[in-house]
Amino acid sequence: MAKYTPEVEIGLDRMRELARGNFDLKWMHSNPQGWGHKATPGPTGLRLQDVETGYYAQVPAHGSEHGSMAPRGCSVPADTRGLGMYTLNEMSEVWAENAALLYDEAVVRQWNSITDVPWHKLQKLPDDIERSVCQMCTGLTEVEFVAGDMPAKWLCRINHDFHEVKLFLATQIMDEARHLDVFRKRALANGGGLLMASPGQEELLAAILEAPDYTTASALMHIFGEGFVLTLFRQGEFLAPTEVEKAIFRLCMQDEARHVAYGVKHLKYFLERHPDRAEQVHKILDLGEQAIFRLTLEPQTAEPRAILAGGGIENIQLGMLRMAFIYTKQVKEYLRRLQIAGLDREPRLTIPKEIPVEDLAA
Amino acid sequence: MANTIFPSTDWFQALSRRMEQEEAEYRRLGSIDCTMVVQIETSGAPELYEVAFEGFRARSVRRLARLEDASPGHFVLEAPLATWREMIDNIRANGGPDLEHTLNYLTFPDYPMRVSGPDQLEVDTFYRYNQSLQRFFNGAAEVPTAYAR
């Protein structure tokens, strides 16, 4: 009876051949087209963009049919088994011309919540201000990781030939992990704690996670959701009561703007090739707009920002008026980004372009 | 150390030199690739300066005769001279901006400073590189400054 399985016996035979000096070495000349490639580091160092040139820059419109993890540009033996998991095999379904650039930017601009935030500058704040900061951080802790879960849901379905996109989405998942982490830390670090979750936010999160395909999910999350959150981060920096929150929001703002940039360029690439699919994108944006507008009415979302904008609970109404322009800014930037992507959303907008503050006040 | 006049090409070049001296800190923040146009509104025609960033330094600084001469793919930071002056004085007095004099604080309500650009993605680069841009202006803490008018 054989001591080992047939596979192991074959392996042992092969090792004996190698020990006798019978080498194969075909792999050394398996990819003549891809051999002799050089790359020159730029001022930043050696970026992904610097190596993806010539032969290696050729991204197929249809991803590899072998469906393995074999790297784009290598020689793939005929008997390489597919993994049977890639369903996003068309370049237009995921591609953005800035994906490699944004990946390079993401890896070189990483930060961490342990040493890059001046936590030692936290100071005791008036109770209403601390509660407002903590509520804002509760909401952001709740919402931020959808932008980690959504790419994670689609990442393993993207053909390996589109590695620039996969790598960028991997950085986004890490970015969002950091955002969840830093907002939770801020809520727990200064004598306060987490406050109330937001049922309204869950509706938007569900719409993102349940989107029927990657591109509509991306339009809803990268352009709509993260675009709106980017403005909230800018507002967070503006309202920050100490240097701690200032630093947190400024760092998060940078990450969020990268994600938005990918979403805009992806939608542009997609719509240039599939103009007939614009209606599907409009429909998912209809959902998103309704969900986010309901969110602005939720006390736990709107009131803490109004307290911070007014400088205290006694000035909450003044803060509410001061905040109205933020919504206008969010909608304006959202429409402009969609315009760049080739989607004229303005005639289809399902929410007001601005909140009539004076009418409301009256 | 002699005062450097703001606004002037010399002043922005002085900040660029500070950037070179602090390369380790800029490396920690990450590379920056964008073109910023600073517009200073005065009683006469606005003055325009373009700073092009690449990697960990400012690749070029130049004065523009008009906004149309700016490199493609830029964003514009515009404010009256008095606002720039207040921001620079605040940075110099504190070694960095206080809570109400950061670039984001000044631009967020579109007053007293405004960020604009040929398209929204160019404006978004101001958000993407905000830490580095803030650090660039923080260099003013080490540049004794006088004002043209």
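Within the option set B:Ala14, B:Ala65, B:Ala24, being farther than 26 Å from B:Tyr105 by Cβ, in contact (Cβ under 8 Å) with a residue 12 or more places away in the chain and of a type in the set (A, V, I, L, M) holds for one residue only, B:Ala65. Within segment A:59-81, does at least one residue satisfy the condition of being in a loop (DSSP other than H, G, I, E, B) and on the phi > 0 side of the Ramachandran plot? There is at least one residue in segment A:59-81 that is in a loop (DSSP other than H, G, I, E, B) and on the phi > 0 side of the Ramachandran plot.
Report, by residue number, each residue of segment A:151-169 that is in contact (Cβ under 8 Å) with a residue 40 or more places away in the chain, out of contact with any strand residue (DSSP E or B) (no Cβ under 6 Å at 6 or more places or on another chain) and either surrounded by fewer than 17 Cβ atoms within 10 Å (Cβ to Cβ) or among the hydroxyl-bearing types (Ser, Thr, Tyr) (or both). Across segment A:151-169, the qualifying residues are A:Lys153, A:Cys156.
With respect to the stated conditions, A:Leu46 is loosely packed, with under 13 Cβ neighbours inside 10 Å and within 14 Å of chain B (Cβ to nearest Cβ). Going residue by residue through segment A:78-99, is there one that turns out to be within 14 Å of chain B (Cβ to nearest Cβ) and more than 22 Å from A:Asp213 (Cα to Cα)? Among the residues of segment A:78-99, not one is within 14 Å of chain B (Cβ to nearest Cβ) and more than 22 Å from A:Asp213 (Cα to Cα), which makes the answer no. For segment A:272-288, a residue qualifies if it is more than 21 Å from A:Leu101 (Cα to Cα) and surrounded by fewer than 20 Cβ atoms within 10 Å (Cβ to Cβ), and the qualifying residues are A:Arg273, A:His274, A:Pro275, A:Asp276, A:Arg277, A:Ala278, A:Glu279, A:Gln280, A:His282, A:Lys283, A:Asp286. Go through segment A:239-267 residue by residue and tally those that are within 10 Å of another protein chain (Cβ to nearest Cβ), more than 11 Å from the chain's Cα centre (by Cα) and over 19 Å from A:Asp116 (Cα atoms). Qualifying residue count for the region: 3. Checking A:Pro299, A:Pro304, A:Pro352, A:Pro347 one by one, the residue that is more than 13 Å from chain B (Cβ to nearest Cβ) and either in contact with a Leu (Cβ under 6 Å, 6 or more places away or on another chain) or farther than 19 Å from A:Leu232 by Cα (or both) is A:Pro347 and no other. Filtering segment A:183-201 to residues that are in contact with an Asp or Glu (Cβ under 8 Å, 6 or more places away or on another chain), in a helix (DSSP H, G or I) and surrounded by fewer than 17 Cβ atoms within 10 Å (Cβ to Cβ) leaves only A:Pro199. All of (1) more than 25 Å from B:Arg128 (Cβ to Cβ); (2) more than 14 Å from chain B (Cβ to nearest Cβ); (3) assigned to a helix (DSSP H, G or I); (4) among the charged types (D, E, K, R) hold for A:Arg322 with one exception: (2). So, in segment B:1-41, exactly how many residues are closer than 16 Å to B:Gln134 by Cα and among the β-branched types (Val, Ile, Thr)? Residues in segment B:1-41 being closer than 16 Å to B:Gln134 by Cα and among the β-branched types (Val, Ile, Thr): 4 in total.
On inspection, A:Pro77 fails the criterion of being in contact with an Asp or Glu (Cβ under 9 Å, 6 or more places away or on another chain) and without any contact (Cβ under 8 Å) to a residue 24 or more places away in the chain. If the condition is being facing another protein chain (nearest Cβ under 8 Å), assigned to a loop (DSSP other than H, G, I, E, B) and more than 14 Å from the chain's Cα centre (by Cα), then segment B:111-129 contributes only B:Asp119.
No value in this document is a laboratory result; all are computed from the given coordinates. Because the structure is a prediction, the values reported are computed rather than measured. No Cβ is skipped: glycine too gets one built from the backbone with ideal geometry, and neighbour counts run over all protein chains shown.
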